[in-house]
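Asker: One structure coming up, written as structure tokens, with questions to follow.
Read-outs throughout are calculated quantities, based only on the coordinates presented, and are distinct from any laboratory measurement. The shown structure was predicted, so the numbers you read here are calculated from the model rather than taken from an experiment. Reconstructed Cβ throughout: ideal geometry from the backbone, glycine too, with neighbour counts over all protein chains shown.
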Ligand SMILES: [Zn+2]
């Protein structure tokens, strides 16, 4: 190389290094930003179980679809269904506290009764599965003083989980699987992060029936499935 070209060669190398560095940063930054910004996530949540038929039917579908969900347990309903509760844990789903009794007048009678109800439920889950639950969902969605009660539960170590979409299995009396599908689509519409409220107690056979279609819908829409 002639001497007069050396400064140009040097400049060329500097520009190349700069471009490589800059484009690598740009390349790394853009997809990460786009991903975080447009990520669609759905959390399937099931309250009021376990029940023998419905919970197991829900677990069958989730297993076939390789999806993890979150189950908020009523511990007074675990007697005789210990194996179903263990199956939820064994198959990798998340377990949360819903209530011991699910009787609102008892639960919401005082701060102490609210905390005791949660603790009693957590104790049963822990003794049957070995898992110490730290998720909580208010029975009936909470009562008058929800913000204060939420704080109490958070101070007791729980993460309180609400919802922003419903399959309608409590809202629509004797709902069919079609109605549950429609309610899911309607209430989840336009939301990038969906927490779908479903129930797996004994009277919710239609929920298990609707589940494959509900899952297919979220898949088609590009959602990832997550458990809390
Ligand atoms: Zn409930």
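Asker: Residue check: is residue 170 touching a residue at least 12 places away in the same chain (Cβ under 8 Å), within 16 Å of the ligand (Cβ to nearest atom), in contact with a strand residue (DSSP E or B) (Cβ under 9 Å, 6 or more places away or on another chain) and part of a loop (DSSP other than H, G, I, E, B)?
Answerer: Working: touching a residue at least 12 places away in the same chain (Cβ under 8 Å): yes; within 16 Å of the ligand (Cβ to nearest atom): yes; in contact with a strand residue (DSSP E or B) (Cβ under 9 Å, 6 or more places away or on another chain): yes; part of a loop (DSSP other than H, G, I, E, B): yes.
So residue 170 fits the description; yes.
Asker: May I pose another question? Looking at (1) away from the ligand (no atom under 16 Å from the Cβ); (2) part of a helix (DSSP H, G or I), which is the only condition residue 79 fails?
Answerer: Here residue 79 meets the rest and fails (2).
Asker: Here's something else I'd like to know. Check residue 194 against each of (1) in a strand (DSSP E or B); (2) under 13 Å from residue 47 (Cα atoms); (3) touching a helix residue (DSSP H, G or I) at 6+ places or on another chain (Cβ under 7 Å) and name the one condition it does not meet.
Answerer: Only one criterion is unmet by residue 194, namely (2).
Asker: I'd like the full set of residues that are part of a loop (DSSP other than H, G, I, E, B), within 16 Å of the ligand (Cβ to nearest atom) and without any contact (Cβ under 8 Å) to a residue 24 or more places away in the chain, limited to the stretch 139-166.
Answerer: Here is the first cut: in the stretch 139-166, the residues part of a loop (DSSP other than H, G, I, E, B) are 142-145, 156-158, 161-164.
Filter once more, so that each one left must be within 16 Å of the ligand (Cβ to nearest atom): 142-143, 158, 161-163.
Answer for the stretch 139-166, where residues must be part of a loop (DSSP other than H, G, I, E, B), within 16 Å of the ligand (Cβ to nearest atom) and without any contact (Cβ under 8 Å) to a residue 24 or more places away in the chain: just 142.
Asker: Test residue 117 against the stated conditions and say whether it is farther than 25 Å from residue 194 by Cβ, within 15 Å of the ligand (Cβ to nearest atom) and part of a helix (DSSP H, G or I).
Answerer: Details: farther than 25 Å from residue 194 by Cβ: yes; within 15 Å of the ligand (Cβ to nearest atom): yes; part of a helix (DSSP H, G or I): yes.
Spelling it out, residue 117 is indeed farther than 25 Å from residue 194 by Cβ, within 15 Å of the ligand (Cβ to nearest atom) and part of a helix (DSSP H, G or I).
Asker: Being surrounded by fewer than 23 Cβ atoms within 10 Å (Cβ to Cβ), more than 16 Å from the ligand (Cβ to nearest atom) and free of Cβ contacts under 8 Å to residues at least 12 places away in the same chain: is that true of residue 86 here? Even if it seems obvious, please write down each step before you answer.
Answerer: On the way: surrounded by fewer than 23 Cβ atoms within 10 Å (Cβ to Cβ): yes; more than 16 Å from the ligand (Cβ to nearest atom): yes; free of Cβ contacts under 8 Å to residues at least 12 places away in the same chain: no.
Here the answer is no, as residue 86 does not meet what is asked.
Asker: Look through the stretch 101-114, keep the residues that are touching a residue at least 24 places away in the same chain (Cβ under 8 Å) and more than 21 Å from the chain's Cα centre (by Cα), and return whichever of them is farthest from the ligand (Cβ to nearest atom). Even if it seems obvious, please write down each step before you answer.
Answerer: If we filter the stretch 101-114 for residues that are touching a residue at least 24 places away in the same chain (Cβ under 8 Å), which is where we start, we get 101-102, 104, 107-108, 111, 114.
Restricting the remaining residues to those that are more than 21 Å from the chain's Cα centre (by Cα) gives 101, 104, 107-108, 111, 114.
On the way: 101: 11, 104: 10, 107: 10, 108: 13, 111: 20, 114: 14 Å.
Filtering the stretch 101-114 for residues that are touching a residue at least 24 places away in the same chain (Cβ under 8 Å) and more than 21 Å from the chain's Cα centre (by Cα), the one farthest from the ligand (Cβ to nearest atom) comes out as 111.
Asker: Would you check which residues across the stretch 129-138 are closer than 19 Å to residue 78 by Cβ and within 16 Å of the ligand (Cβ to nearest atom) and list them?
Answerer: Let us first name the residues in the stretch 129-138 that are closer than 19 Å to residue 78 by Cβ, namely 129-137.
Scanning the stretch 129-138 gives 133, 135, 136, 137.
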